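Worksheet for the structure shown next.
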Amino acid sequence: MAMSAVALLMLLPVFAVIAIAIRRDSKGPILFRQERVGRNGKTFKMLKFRSMVQTAEADLAALLEKNEGSGPLFKMKNDPRITRVGRFLRRLSLDELPQFWNVLTGEMSLVGPRPPLQTEVEDYERYVHRRLYIKPGLTGMWQVNGRSDLSWEESVRLDLYYVENWSLTGDLIILWRTLRVFARPVGAY
């Protein structure tokens, strides 16, 4: 939690620049709050910088047949709901930075499985629920091994491997690899 507090303080100037860019680019709030499922199935409001148009969730139904994701995840490489600034934020994962607040409040961890939507959890096969044994993370195996380019099965395998083999050393390696992914983003859209 202390690391997230320090990160939030250090990132305040970056947050201000991002907030101005979002405000100038499109109408709507700067932050996007979305209910996600955390440890042991407890839900929480995850924060992100808004990278889509304000009507993105309502517009999703019209795009479902164009889903390029696998399993219960919806993904589109050229999602028309993403704003110009949003594309930049997503490519560098800057839209995720407000989740340091979720880490500070104890809803998330720095490292862990990707925080799923309730609709995704409802579609989980029984064994996949093991992803919920620990807190979801700001970064994790999924993020440093291809992100959206991974199949559903690959992302589940990586998350379950993490859950079943957690170690402090493993977390430090994932944090180091996350910094490398920032420099050379792969699978971020």
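Read the figures in this text as sums done on the coordinates, not as results from a lab. This is a predicted model, so every value here is computed, not measured. Cβ placement follows ideal geometry from the backbone for every residue including glycine, while neighbour counts extend to all protein chains displayed.
Quick notes on this structure:
- Ranked packing of 82-88, 140-146, most packed first, by mean Cβ within 10 Å: 140-146, 82-88
- Estimated D of the range 91-146 in µm² per second, where Rh is the Kirkwood radius over Cα pairs and Stokes-Einstein applies at 25 °C, 0.890 mPa s: 203 µm²/s
- For F88, neighbours were defined as the other residues whose beta-carbon sits under 10 Å from its Cβ, and their charges (Lys and Arg +1, Asp and Glu -1) total +2.
- A straight Cα-to-Cα reach below 20 Å connects K45 with the lysines K135, residues fewer than 8 places away in its own chain not being considered.
- Placing +1 on the Cβ of every Lys and Arg and -1 on the Cβ of every Asp and Glu, with nothing else charged, gives the chain a dipole about its Cα centre of roughly 620 debye.
- Radius 13 Å from Cβ of L47, net charge of other residues (Lys, Arg +1; Asp, Glu -1): +1
- Rounded to the nearest whole Hz, the Karplus-based 3J(HN,Hα) values (6.51 cos²θ - 1.76 cosθ + 1.60, θ = phi - 60°) of the range 165-170 follow the sequence 10, 4, 7, 4, 4, x, with x at glycine and proline.
- With all projection directions averaged, the alpha carbon convex hull of the range 1-156 covers 8.9 nm².
- M141 sits among other residues whose Cβ lies under 15 Å from its own Cβ, and their net charge, with Lys and Arg +1 and Asp and Glu -1, is +2.
- Computed over the range 3-62, the percent of Cα pairs more than 18 Å apart is 52.
- Separation between Cα centres of the range 88-124 and the range 1-80, rounded to whole Å: 9 Å
- Computed from label points 7 Å out along Cα-Cβ, the spacing between K42 and H129 is 1.8 nm.
- Estimated distance in nm for a label pair at R91 and W152, the labels positioned 7 Å out from Cα along Cα-to-Cβ: 3.0 nm
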